[in-house]
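The values are calculated or read from the model by the stated rules, or taken from the named source; none is laboratory data. Just so we're clear, the structure is a prediction, and the values are computed from it rather than from any experiment. We place every Cβ from the backbone using ideal geometry, glycine too, and count neighbours over all the protein chains shown. Remember, those area values only see protein heavy atoms, side chains included, never the ligands or the DNA or RNA. Shrake-Rupley method; radii C 1.70, N 1.55, O 1.52, S 1.80 Å.
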Amino acid sequence: MNTPRPRSNSAPSAGTLGTFGGVFTPSLLTILGLVLFLRLGYVVGNVGLIGSLLILVMATSVSVLTSISLAAMATNMKVRGGGVYFLISRTLGPAFGGAIGIVLYGAMSVSVAFYAIGFGEAVASMIGEDPADWAQPIAALTVLALLGLGWLGADIATRLQYVVMVLLVLALGSYFLGIVPDIDAAQIGDNASAPVGADDFWLVFAIFFPAITGFTQGVAMSGDLRNAGRSIAVGTFAAVGLSTLVYLLVIITLAGRFDTADLRTDPNVMKNASAISWMIDAGVIAATLSSAIASILGAPRTLQRLANDKLIPRLELFGQGAGAQDNPRRATTLTACIALITIAAGDLNVVAPIISMFFLVSYGLINYATFYEARAASTSFRPRFRLFDARLSLLGTIVCAGVIVAIDPLAGLVAGLLLAAIFAGLQRTARAARWSDSSRAHYATEARRHLRAAAAQPSDGRDWRPCSLVFVPRDATRRTRLIIMAEWLEGGVGYTTAIRMVEGSGARVRQHAAMIERELQREISTRHPGVFGRVVAAPDLGSATAAAVQMHGFGDLRTNLAVHGWADLEARLALDGAPQREALLQSTRLGANVVIAACETNAWKQLGSVPSDQRSIAVLWTDDHSGSIMTLLAWLTTRHPDWTGASLKVLVPDSPGEADRIRILLDEARIDCSIERTAEDLGAGLRALEAAHLAFVPLRLRQGHPLGPADTEVTELVGRLGATFLVHVAEDVELISEPDEGIVAQLAEARDRAAAATRRAADLDAEAARLLVEAEAMRMSADRSADGQTKSAEVAALEAVETAAIAARRQYADALTRAREATARVAELEGATRSIDAALWRSVSEADD
């Protein structure tokens, strides 16, 4: 039988931008903006050197904490277009993501106008004109020029940013060359604290804070990046780090050159201290222009992703892109129109605080989304970013909320209410999720409190976790050992139920089973907290096993691992093998993977003397479904405290290219392990497994009789190996699962089509019925008419109505067929979420030749 190879869902990105041009440059240029050149002196003059450094630390902490969350999210999934909106929506779901996407797009679109007006004021001042008269016309022309850049594509705009960066570097170089020789240590001491009569600290903080909000500009270009995960992490941290250093140096040099009175009143202190004063004007122009470019590139891509996700009716037309890079020209045009309208409105001071709140809310949600993902303990949450800690993301959420309250509580309240209103609307309209997000994982982790919510979420394999039914023996020692081994497979995120089978029927047997269950529950509550216990009384083992596998669980949370202890299983097979073989076959036929756990007493004692970080796990790879699920179970085992720090290696056949292929697959799956080549003969594989403390070995069932690789008897394997899991697979579990791919998205679209087709069929049915009733009334009127000319006219009208009725019935029949086909497709996709591989069914049902 040809077995399928594990598939990789990863696809090369269609983007062309790298880390420097796609993330570092737009982020850095937006951070080093107007606040640096025109407002930093005001900050130092009002709160002093120490206060300025405190403000810098507080503001930078927001960007650093949020950057850590961004890096974790970006290295845990393939980041596509949409930037912050994409990350939040794929974690917190469509309603949250859609709400923040809408307000972010509006904020970025209006930001284009802000930066364009700042550019217009700078240009007007340089040419000696009154900014009040010339700022708006220049800003409007700037937006039109930016529209042209947006139509040409991100590559052209990125090249222009390099020119802007050169101007910025020259301006900063001119400033440091001019001010460093004049720094006075005594002046630094005089400016250490805030002067008398200075503005309030939090007011000054609010003026400075927008300086650091540009660190997410690179994230907005996620769809145009070659390697979004790496570029977002590296580029964002590099931009935050370098910009923080620049602000630190400028704050210190300003405090060492000017007194606080000059710093508070003169916005041109940097220009006055510069070696070449006009270079500061060039820097101001560069800063405003670069921020406008970053916004005109980022905002349309957020709208494009929103439109393609089909969360909001009538937005789909903005999802269409142009060219190989899917350039969002329609969205860019709308963004430019919003910017022009904002420029024409004039006074922006009223909406400016609310827009700042939207950015702060988005940063808080980025941190919360990352904390939410980690807290859900999803088995698919395996970020590459090593500095990530869920507590840092929670801290980032709290800090963002504190900053909102400190800067402007009223503006924060308005932004929050608007966000809540959009969220409530999307909750009603976005009923079927277009992608898999972390909500189901969250509900599953807290199953005791959220069983109904977990069952309501679609299951697509992204968050596959063990739901184990462990068939425990009567012997207490072997039972404890088996439950412990089953807990290893759970990895802290699954569900384990220990079930004891009592054969027989009648009242006495049921009473005996109830007593055994009470004893089992007491034992589990003291030794294995978190494991559930059940006892089932049944006349025969085969039917009882089938019933237990089918009935165990809640909703979509069903048995996917049937775990047996080899010592008890071996005894049953030797005593009367037919019922036990039938029980194993029933488990696989019902879609449960069969696991045989084995560890002899001596091996168990030896394992107990080895520290967890010195233990090793080995997986004997097979190029079918077994390889994927055994590797995932081995990775889950490393999450158990007994195996924390243990090494994981995968043994692959020493055939050309096989080791490299498996290495690429597991690397894309973010499973850290070593690959070891072994000869294809069984002896070499067993010798490699013997060196490990825990072995995962493929299992096959020949007419229900368990066999190891090359039809090796399980007894022989157990005698040679230590702790061992033999795994027979009855379902396909993907190691790599992307949020935008798979059955969940297909199912949502199929349900939309089915609903639309059903509505159309009902409308056509009603129209056809109306026409038939009208035709019948006209026929009766024509029969009663005595005048020949009138009757002739009525007959002609009757024929027209009857023709329309026949056409309507035909259209109804066609629409009804389409509706039935769409409904059948929905049923097919719903069934596919829990289907059983027919080939696997045959493999356990038929005897080998």
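Quick notes
- Protection proxy ranking of 579-586, 418-425, 245-252 - average other beta-carbon atoms within 10 Å, highest first: 579-586, 245-252, 418-425
- Angle in degrees between helix 447-456 and the longest Cα principal axis of the chain, rounded to the nearest 10: 80
- For the chain, the longest principal axis of the alpha carbon atoms and the long axis of helix 94-126 meet at an angle near 20°.
- Estimated [θ] at 222 nm from DSSP helical runs (n ≥ 4, -39500 (n - 2.57)) normalised by residues in the chain, nearest 500: -21000 deg cm²/dmol
- The Cα atoms of the stretch 356-407 give a gyration tensor whose axes a ≥ b ≥ c have a/c of 1.5 or more with a/b greater than b/c, which makes the shape prolate.
- Packing-based ranking, highest mean first, of 677-688, 273-284, 326-337 given that Cβ atoms within 10 Å are counted: 326-337, 273-284, 677-688
- Per-selection metrics, the stretch 528-670 (Cα): Rg and Dmax in Å: 18.0, 53
- Applying the Karplus relation 6.51 cos²θ - 1.76 cosθ + 1.60 with θ = phi - 60° to the stretch 599-607 yields 3J(HN,Hα) values of 6, 5, 4, 5, 5, 5, 5, 5, 4 Hz, where x marks Gly and Pro.
- P(r) histogram, all alpha-carbon pairs of the stretch 459-603 included - 5 Å bins from 0, percent: 2, 10, 19, 23, 23, 15, 6, 2, 0, 0
- Rg/Rh for the stretch 112-183, where both radii come from Cα atoms and Rh is the Kirkwood radius: 1.09
- In Å², nearest 10: area of Glu129 left accessible to a 1.4 Å probe: 80
- Kirkwood hydrodynamic radius of the chain, from inverse mean 1/r over distinct Cα pairs, in Å: 31.3
- Charged side chains reduced to their Cβ positions (Lys and Arg at +1, Asp and Glu at -1) give the chain a dipole of some 1440 debye around its Cα centre.
- Theoretical gain in end-to-end length, Val509 to Asp182 [0.36 nm per residue, Cα-Cα removed]: 108.1 nm
- Distance in nm between pseudo-label sites at Trp278 and Leu249 (7 Å out along the Cβ direction from Cα): 2.5
- For the stretch 618-693: rounded, prolate or oblate by the Cα gyration tensor [a/c cutoff 1.5]: oblate
- From most to least packed by mean Cβ count within 10 Å, the peptides 299-309, 801-811 give 299-309, 801-811.
- Residues with amide H under 5 Å from that of Ser674, placed H, sequence gap 5 or more: Leu648, Lys649, Val650
- Surface accessible to a 1.4 Å probe, Leu395 within the full protein complex, Å²: 80
- Solvent accessible area, Å² - Phe388, 1.4 Å probe, full protein context: 40
- Cα-based helix-to-principal-axis angle, 658-668 vs the chain, degrees rounded to 10: 60
- Dipole orientation for the chain: of the candidates Met778, Ala228, Ser193, Met778 has the Cα lying most toward the positive pole (charges on Cβ; Lys, Arg +1; Asp, Glu -1).
- The stretch 270-390: C-alpha gyration tensor shape, a/c 1.5 cut-off, then a/b vs b/c: oblate
- Carbon/sulfur fraction of accessible area - the chain, other protein chains in place, 1.4 Å, %: 57
- Since only Gln511, Leu469, Ser63 are under comparison, the one whose Cα sits farthest along the positive direction of the charge dipole of the chain, derived from C-beta charges on Lys, Arg, Asp and Glu, is Gln511.
- Estimated vicinal HN-Hα couplings, Hz - the stretch 818-824 in sequence order (Karplus 6.51, -1.76, 1.60; Gly, Pro = x): 4, 5, 5, 5, 5, 5, 5
- Residues of the chain: accessible area per residue with a 1.4 Å probe, Å²: 43
- With 0.36 nm allotted per residue and the present C-alpha distance subtracted, the Trp202-Ser674 stretch has 164.7 nm of extension available.
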